Amino acid sequence: MLKITHSRNSDKEDHVLLEEYRTTGDLEVLGELYSRYMHLVYGLCLKYLQNRDDAGDAVMQIFEKLITEIDRHEIQKFKSWLYVLSKNYCLMQIRSEKSNDRKMDLWVQEQDDFVEFHPEMHPIDEEGIENHTALSECIEKLKTEQKDCVQLFYYQNWSYRQISEILHIDEKKVKSHLQNAKRNLKICLEG
């Protein structure tokens, strides 16, 4: 966490330090002003972010934000302004996390709903398969689980997740059945 040692400015009022920082750009002056309320900022961040490490990081980030934000605002009461700045920072962090979580959820859902359409993955579209009757006969020779997975995946375009729900088996098992079925179909068709 940010460590600020008390200096010659410790007896100056907030508005005096604020004006001094604006005039000189001296980060030690800003650090002195910030250190007065750093424990409050940490408490606020801990309340919103609910994680000590994240709150500590936020205290540092908010100090860096002060450097750019102070000149953009007419600040009457530094403590109140800092509270609002800190709260807004935390809310933006939470919103960003939720957005990232939402993006991850969507990505996971897309992966779960992924259906392999690449021609090389679909036995019907493989080069050299001209006789669909032979393919149908080979599919009939597959084990029941493999045959069911092939029918649902290739002919009905169901995703791994959907097939696992229909057949009441794990998604990894669905993928395994499909891989084994493709291998067995290739052997059958070549034989």
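What follows draws every value from the coordinates through simple rules; no lab data is involved. In this text the structure is predicted, and so the values were computed from the model without any measurement. FYI the Cβ positions are ideal-geometry reconstructions off the backbone, even for glycines, and counts take in every protein chain you see.
Put in order of Cβ neighbour count within 10 Å, fewest first, the listed residues 35, 136 become 136, 35. Each label point was placed 7 Å from the Cα along the Cα-to-Cβ direction; for residue 84 and residue 96 their separation is 2.2 nm.
Annotation note: GluC sites (Glu not before Pro) in the range 130-191 located in DSSP loop regions with a Cβ neighbour count of at most 14 within 10 Å are 130. Considering only alpha-carbon pairs that sit under 8 angstrom and 6 or more positions apart, the relative contact order computed for the range 14-105 is 30 percent.
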